[in-house]
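S.K.: Quick one: this structure, given as structure tokens, is what I'll be asking you about.
The values are calculated or read from the model by the stated rules, or taken from the named source; none is laboratory data. A quick note: this is a predicted structure, and the numbers were derived from the prediction, not measured. Counting neighbours? That spans all protein chains shown, and the Cβs are built from the backbone with ideal geometry, glycine included. Protein only, heavy atoms only, side chains kept; ligands, DNA and RNA dropped before computing areas. Shrake-Rupley method; radii C 1.70, N 1.55, O 1.52, S 1.80 Å.
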Amino acid sequence: MVTKVRASHILVKDELTANAVLDLLRDGSRFDQLAKQYSSCPSKRNGGDLGWFGRGQMVKPFETAAFNATPGEIVKCKTEFGWHVILVTDQK
């Protein structure tokens with residue numbers, strides 16, 4: 001069972017922007033560069049890297065999306081903070 005996830009994210013205001021970021025990623029743009037350009041989260045300084053976190057440390061929709069993804073997968077979810085484009089980088 002996965003107990004910790006390492007992930008990066010890009011936080012944006014609306015789904016339209018989240019989808020545009022996903023399109024840029026599909027076209028080969030680097031996640032860390034897009035985080036620095038588009039994210040409204042302070043983690044953008046680190047390319048969106050949130051480090052390791054366990055269950056109960058993030059808001060529920062974010063946690064669910066991150067823990068259900070596999071390393072290397074990029075997923076999208078909505079929380080009270082906005083839309084997140086999440087890259088899961090590792091699990092343990």
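Residue by residue, here is whether (1) loosely packed, with under 13 Cβ neighbours inside 10 Å; (2) without any contact (Cβ under 8 Å) to a residue 12 or more places away in the chain; (3) in contact with a His (Cβ under 7 Å, 6 or more places away or on another chain); (4) small (Gly, Ala, Ser) holds:
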position: 26; (1), (2), (3), (4): yes, yes, no, no
position: 31; (1), (2), (3), (4): no, no, no, no
position: 34; (1), (2), (3), (4): no, no, no, no
position: 38; (1), (2), (3), (4): no, no, no, no
position: 44; (1), (2), (3), (4): no, no, no, no
position: 48; (1), (2), (3), (4): no, no, yes, yes
position: 59; (1), (2), (3), (4): yes, no, no, no
position: 63; (1), (2), (3), (4): no, yes, no, no
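S.K.: Something else now. Quick one: is residue 7 open to solvent by less than 60 Å² (accessible area, probe 1.4 Å), in contact (Cβ under 8 Å) with a residue 40 or more places away in the chain and in contact with a Lys or Arg (Cβ under 7 Å, 6 or more places away or on another chain)? Quick ask: steps written out before the conclusion?
M.R.: Working: open to solvent by less than 60 Å² (accessible area, probe 1.4 Å): yes; in contact (Cβ under 8 Å) with a residue 40 or more places away in the chain: yes; in contact with a Lys or Arg (Cβ under 7 Å, 6 or more places away or on another chain): no.
Considered against the rule, which asks whether it is open to solvent by less than 60 Å² (accessible area, probe 1.4 Å), in contact (Cβ under 8 Å) with a residue 40 or more places away in the chain and in contact with a Lys or Arg (Cβ under 7 Å, 6 or more places away or on another chain), residue 7 comes out as no.
S.K.: Sticking with this one: With among the basic types (Lys, Arg), surrounded by 12 or more Cβ atoms within 10 Å (Cβ to Cβ) and over 10 Å from the mean Cα position of the chain (by Cα) as the only criterion, which of 78, 92 stands out? Show your work before the answer.
M.R.: Working: 92 fails: surrounded by 12 or more Cβ atoms within 10 Å (Cβ to Cβ).
That would be 78, the only listed residue that is among the basic types (Lys, Arg), surrounded by 12 or more Cβ atoms within 10 Å (Cβ to Cβ) and over 10 Å from the mean Cα position of the chain (by Cα).
S.K.: Okay, moving on. With respect to residue 52, is the statement that it is in contact (Cβ under 8 Å) with a residue 12 or more places away in the chain and open to solvent by 70 Å² or more (accessible area, probe 1.4 Å) true? Talk me through it step by step, then tell me what you get.
M.R.: Details: in contact (Cβ under 8 Å) with a residue 12 or more places away in the chain: yes; open to solvent by 70 Å² or more (accessible area, probe 1.4 Å): yes.
Yes, satisfied.
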